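Colleague: There's a structure below that I have some questions on.
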Amino acid sequence: LLLLQGREGAFMVRDSRQPGMYTVSVFTKALSTDNNPVIKHYHINETTDFPKRYYLAEKHVFDCIPELINYHQHNAAGLVTRLRYAVSSWRKKAPITAGLSYGKLVINPSELTRVQEIGSGQFGIVYLGYLLEKTKVAIKTIRDGAMSEEDFIEEAKVLMKLSHPKLVQLYGVCFENTPICLVFEFMENGCLSDYLRSQRGRFSKETLLGMCQDVCEGMAYLEQNSVIHRDLVCWNCLVGESHVVKVSDFGMSRIVLDDQYTSSTGTKFPVKWSAPEVFSYSNYSTKSDVWSFG
């Protein structure tokens, strides 16, 4: 069933070979060296005390199996990947849009007009465009084969839970065309790194401090809402009118339960901006976001 799904993080909880015990099986391509997927099996262990508690990794122990699954859906924490999509013999394959609020987020392709390419990176291309022919927007698409649509949609699922004046606003998602795209508010002065270089020496100390404060306010809001950004770099901060800076690019962000996130095997990260614990243990927290800011 997991091979038929073919989706990173597809999982099922099944009876173990040991009577009365359970095993979590999860599909991943992270360990593959030849593009052949791997299914990893994790025995659900029980503590010896009473009442029994359950764990996959001894550091993270839970009162019941649903709590364990919920935790590992947010945090790999020793697993090869997060538990992303529950699979069973009776359940149809969930669409990649599962978890999105259709009424608020879905944009019809006829409502979008692309004007020109304004940026590109390893995973995608960003276009200047218009929504309903009047609102300037940034349209973010993925390159063919650069990343899965499921991972791309993760950014929308995070952003739909957030709203703050110092975070770049998500207007919606367009699914009907290929590739799918995310539609954001347009920040006319582009990324912070390019803006500072192009205007070198022209800003007062007060203006520069104001930019720092903008980022601080956005990141403080994320912390208050249990979100770890994990990719806070200067090119992921965008500049609008009056030097206002907003935090963007939530593709690596995670909503966490205990201010800790352990990334999956093989996860890429911005080396220059990452805290020591990310290098050593693949551990992220709001503290590692503070390191990136510094």
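The values are calculated or read from the model by the stated rules, or taken from the named source; none is laboratory data. None of the values given here were measured: they were computed from a predicted structure. Positions of Cβ are generated from backbone atoms using ideal geometry, with glycine treated the same way; all protein chains shown enter the neighbour counts.
Table: residues versus (1) hydroxyl-bearing (Ser, Thr, Tyr); (2) modelled with pLDDT of 85 or more; (3) outside any loop (DSSP other than H, G, I, E, B); (4) touching a Cys at 6+ places or on another chain (Cβ under 8 Å).
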position: Ala76; (1), (2), (3), (4): no, no, no, no
position: Leu79; (1), (2), (3), (4): no, yes, no, no
position: Ser89; (1), (2), (3), (4): yes, no, no, no
position: Ala94; (1), (2), (3), (4): no, no, no, no
position: Lys104; (1), (2), (3), (4): no, no, yes, no
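Colleague: Continuing with the same structure: Please note which helices (runs of 4 or more DSSP H) are completely contained in region 185-294 and include at least 1 residues that are outside the structural domain of Gln169 (by TED's automatic domain parsing), closer than 22 Å to Ala77 by Cα and at pLDDT 90 or above.
Modeller: So the answer is 205-224, 286-293.
Colleague: To continue, here is another question. Can you tell me which of (1) in contact with a Cys (Cβ under 9 Å, 6 or more places away or on another chain); (2) under 30 Å from Thr28 (Cβ atoms) is the one Val245 doesn't meet?
Modeller: (2)
Colleague: Name the residues in region 40-68 that are closer than 16 Å to Arg254 by Cβ and in a helix (DSSP H, G or I), would you? Before the answer, list the steps.
Modeller: First, pick out the residues of region 40-68 that are closer than 16 Å to Arg254 by Cβ: 60.
If the condition is that a residue be closer than 16 Å to Arg254 by Cβ and in a helix (DSSP H, G or I), then no residue fits.
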